[in-house]
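Please read the structure below before turning to the comments.
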Amino acid sequence: MSLLPLFADLSGRTVLVLGGGTVAERKIALLLGYGVKVVIHAPLLSPQLERWRSEKRIDYRDGAFQEAWLNSMWLIVAASSDPAFNRYLAKLAGERRVFINVVDDAVLSTFHFPAIVDRSPLIVAISSGGTAPMLARMVRERLESMLDESWGMMAELCSGLRRSIRDRFPDLHARRSFYELLLHGPVAMLVRKKRIGDARRAAVKLLHADGFTQNGSVVLVGAGPGDPGLLTLRALRAMNEADVILHDRLVSSEVLDLARRDAERIDVGKRVGGHQITQERIHALILDLVTSGKKVIRLKGGDPFVFGRGGEELEFLRAHNICYEVVPGITAAIACAAYAGVPLTHRDHSRSVHFITAHCRDSLDTLDWPALARERQTLAVYMGVAEIKTLQTRLLEHGRAADTPFAVVENGSRSQQRVVTGRLDELATCTQAYALRSPALLILGEVASLAPRLSWFGQAPLTGAELQSSRSSNDCARAA
């Protein structure tokens, strides 16, 4: 079947819908959204259709069906449960040259309702010609994830400038080059930031410039804890527009695989015991790439504003007048706790949560240990594996109970996730015995006791009790 795609203006025009069930309800909801005057005929109406009828949003025709109704209609939707009646309607519509959609019957239909991605005034319609509606819906879902609401705002901006752009660039090639810069450069970034006035002024300035060059930009993106399914839609869109991706070591390969295939990937991760690249060098690299007109994604594990130096990088970008955006990510404490079955707060156990970092001994010396050692609160400790013994000692010294539960989540949300649980007084022993390595997050507090019962992802949590039992068995075996 060959269908000619058309976009019809039906605002204020009359469409007849025959049928009063849920299918008719869905079609009418769509029509009302576009300002259509809906006339409906059916022996019974669904509760929602009855409400619309009482609100006078639809015009209900009762009694017997009358052929004359079709004479004043622009379109007909046959959504009745009577196949013979639907065939009769299709015949009448054909005689009057009125387009009809017979629900679930592609042969009788002379028009089809497409799957729609609405970014008004930009509208994307997808059709499978009635052969595979689910496939059309899947395509729509893909496009929904790719096209954010800024596309509609950008379409409005372009509409206001269309005549001026044609006058300024009568040559088609030059006009296309200008649109490429307009739609993918700093103006589009301003639109995404909802700074429409600034975007319009920037577009006008660009339009009247003697010449224009493609300036680069930076998007600071949180990649989450590792599971690619936890990426935000905005992060995914940004990754598919990037020319260059500067990523940390904690960004998983599965996340990187979702980026644009021809984007250059540069590992700028820092590693304990020897920095692969300094923060100053990262700044210099960003400046070089942006100066050359590249769209740069600074991709950070977790969230860039939680122990991620995102603030430092934004200060650098601002100081050098570089256009930037920020896309938050799911931070490790939230993700690792969720994937380990540990609620960070719980009305029976904890009313507050503290995010702290134990990246080095100097950072530990700056913490308020008496406050952190209080009961009925949760500590989420980032980058703490190397200083676990010091953490344990300080908390015990300042009054935290020895039997306070803990959970260490290694490689949280990833296929190789491990969770180790136990008591505070066995924290260092368990960490060493189970050879826990970074990336790992320590959760300490009464809520950690829920991990063995509520865990749902990966293998069951390992426990300090199991370790003690194993050691006792080995000791007995040696004694025997």
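Read the figures in this text as sums done on the coordinates, not as results from a lab. Please read all numbers here as calculations on a predicted model, not as lab measurements. Neighbour counts run over all protein chains shown; Cβ positions are idealised from the backbone, glycine included.
Could you pull out the trypsin sites (Lys or Arg not before Pro) across region 318-416 that fall in loop regions by DSSP (anything but H, G, I, E, B) with no more than 11 other Cβ atoms inside 10 Å? Write out the running numbers ahead of the final one.
Working: sites: R318, R347, R351, R361, R374, R376, K389, R394, R400, R414; in loops: R347, R351, R374, R376, R400, R414.
Hits after loop and neighbour filter: R347, R351.
Seen against the Cα atoms of the chain and their longest principal axis, helix 172-184 is set at about 50 degrees.
Checking the Cα-Cα distances for K193/K300; K205/K294; K27/K194 against a 29 Å cut-off, the pairs over it are K27/K194. The packing ranking, built from the mean of other Cβ atoms within 10 Å per residue, places the peptides 98-111, 123-136, 297-310 in the order 297-310, 98-111, 123-136, highest first.
At R0 = 30 Å, how high is the FRET efficiency between K91 and M134 if r is their beta carbon distance? Nearest 0.05 is fine. List each step's numbers first, then the result.
Values: r = 29 Å, r/R0 = 0.97.
The computed FRET efficiency comes out at 0.55.
The slack between E397 and S177, meaning 0.36 nm per residue of separation minus the straight C-alpha distance, is 72.5 nm.
Give the residue list of chymotrypsin sites (Phe, Trp or Tyr not before Pro) in region 1-59 that are DSSP loop and have at most 10 other beta-carbon atoms within 10 angstrom. Intermediate results must be reported in sequence, preceding the final value.
Details: sites: F7, Y34, W52; in loops: F7, Y34.
Those satisfying the criteria are F7.
For region 366-455, the ratio of Cα radius of gyration to the globular rule of thumb 2.2 N^0.38 Å stands at 1.01.
Modelled spin-label separation between L32 and F169, with each label point placed 7 Å from Cα along the Cα-to-Cβ direction: 4.3 nm. For T463, the amide hydrogen comes within under 5 Å of the amide hydrogens of T421, counting only partners 5 or more places away or on other chains and with H modelled in the peptide plane. The average projected area of region 400-445, computed from the convex hull of its Cα atoms over all directions, is 3.0 nm². Once Rg and the Kirkwood radius are both taken over the C-alpha atoms of region 165-286, their ratio Rg/Rh works out to 1.07. Evaluate the Debye formula for region 88-167 with equal point scatterers sitting on the alpha carbons, no solvent, and hand back log10 of I(q)/I(0) at q = 0.25 Å⁻¹, in q order, two decimals. Normalising to I(0) and taking log10 leaves -1.06. Global dimensions of the chain from alpha-carbon coordinates: Rg and Dmax equal 30.7, 101 Å. Counting Cα-Cα pairs of region 14-113 in 5 Å increments starting at 0 gives whole-percent bin shares of 2, 14, 28, 27, 20, 8, 1, 0.
Mind listing which chymotrypsin sites (Phe, Trp or Tyr not before Pro) in region 371-435 are in a DSSP loop and have 10 or fewer other Cβ atoms within 10 Å?
Passing sites in region 371-435 do not exist.
Taken over the alpha carbons of region 150-207 as equal point scatterers, the Debye sum produces base-10 log I(q)/I(0) values at 0.19, 0.26, 0.28 Å⁻¹ of -0.59, -1.08, -1.22. The C-alpha atoms of the chain define a longest principal axis, and helix 196-207 lies at about 80 degrees to it. Counted by Cβ distance under 14 Å from V124, the other residues give a net charge of -1, where Lys and Arg count +1 and Asp and Glu count -1. With distances taken between every two different alpha-carbon atoms, region 217-330 has a Kirkwood hydrodynamic radius of 13.8 Å.
Taking region 198-244, how much of its Cα-Cα pair set, in percent, is spaced more than 18 angstrom apart?
Details: 561 of 1081 pairs.
More than 18 Å apart: 52 percent of the Cα pairs in region 198-244.
Straight-line reach from K91: which aspartates and glutamates fall under 16 Å, measuring Cα to Cα and dropping same-chain residues less than 8 apart? Hits, sequence-local ones excluded: E67, D82, D105.
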